[in-house]
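Everything on this sheet refers to the single structure shown next.
The values are calculated or read from the model by the stated rules, or taken from the named source; none is laboratory data. In this text, all values refer to a predicted model and were calculated from it rather than measured experimentally. Counting neighbours? That spans all protein chains shown, and the Cβs are built from the backbone with ideal geometry, glycine included.
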Amino acid sequence: MTIPDFEIAVNIWYDKDMKKVIIIGCPGSGKSTLARKLSHMTKLPLYHLDLMNWQSNKTTVAPELFLEQQKQLLEKEAWIIDGNYGSSLELRFEGCDTIVFLDYPLEVCLEGVMNRVGTVRPDMPWVEETLDDDFLDFIKGFPKTNRPKIVALINRYSHKTCFRLKSREEADSFLQKIKKSFQS
């Protein structure tokens, strides 16, 4: 089974009662930005996994605590969750009703990461002044390492509504269609 493209999947939107949305994709793809805009339009509460996992001193919370926080979050009636975190991704697939997969070319994601260096982000507890090599290597490896795992999960959870957005233009169009549906 293949992942449905945006134009095919967007028609499903109007038939579903979207309350639990996960937004996934390579770092730099714009998950957090899309999540903020979608939350603003839908009034669904937004949760950034980076804010749950990272502390301002650039250390992470204990893995058990991070997992427990996610389990508690998934029990809520409605939400948008932004972030990947492969160790708990399937848990979020199980709990969601809608998946938004930002499936962009690597170059777009690298550009996105470079453009946010030195900027304040509401989804991170610090300002990233430089990019470390490990993070860049993770991004460069994402298409071959993480993307296949995401695709496998999407195929396993094919009964869920999934939007595969392949460019920033598709993401903008997606948001415009959602906005129109809320104005009707």
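Consider region 156-184 and keep the residues that are over 17 Å from residue 41 (Cα atoms) and free of Cβ contacts under 8 Å to residues at least 24 places away in the same chain. The one that is surrounded by the most Cβ atoms within 10 Å (Cβ to Cβ) is 169. For region 1-55, the set of residues classified as modelled with pLDDT of 75 or more, basic (Lys, Arg) and over 20 Å from residue 84 (Cβ atoms) consists of 19, 43, listed by residue number.
Check off (1) over 12 Å from the mean Cα position of the chain (by Cα); (2) farther than 23 Å from residue 19 by Cβ for residue 103 and give me the number that stays unchecked. With respect to (1) over 12 Å from the mean Cα position of the chain (by Cα); (2) farther than 23 Å from residue 19 by Cβ, residue 103 is out only on (1).
Determine which member of the set 74, 136, 131 is within 25 Å of residue 21 (Cα to Cα) and aliphatic (A, V, I, L, M).
Details: 136 fails: within 25 Å of residue 21 (Cα to Cα); 131 fails: within 25 Å of residue 21 (Cα to Cα).
Of 74, 136, 131, the one residue that is within 25 Å of residue 21 (Cα to Cα) and aliphatic (A, V, I, L, M) is 74.
Here region 64-93 is the region considered, the condition is being exposed (fewer than 12 other Cβ atoms within 10 Å of the Cβ) and in contact (Cβ under 8 Å) with a residue 24 or more places away in the chain, and the residue that is nearest to the chain's Cα centre (by Cα) is 87. When residue 143 is tested against (1) under 30 Å from residue 94 (Cβ atoms); (2) at pLDDT below 95; (3) assigned to a helix (DSSP H, G or I), exactly one condition is not met: (2). Taking residues in region 30-54 that are within 21 Å of residue 114 (Cα to Cα), and partners anywhere that are modelled with pLDDT under 95 and among the aromatic types (Phe, Trp, Tyr), the pairs with Cβ atoms closer than 7 Å and at least 6 places apart or on different chains are 49/85. Counting only residues that are part of a loop (DSSP other than H, G, I, E, B) and of a type outside the set (Lys, Arg), region 51-69 holds 6 of them. For the structure I just gave you, tell me whether residue 76 is among the charged types (D, E, K, R), more than 24 Å from residue 140 (Cα to Cα) and in a helix (DSSP H, G or I). Spelling it out, it is not the case that residue 76 is among the charged types (D, E, K, R), more than 24 Å from residue 140 (Cα to Cα) and in a helix (DSSP H, G or I). Anything in region 127-155 that is of a type in the set (A, V, I, L, M, F, W, C) and crowded, with 17+ Cβ neighbours inside 10 Å? List them, or say none. Selection gives 139, 142, 150, 153, 154.
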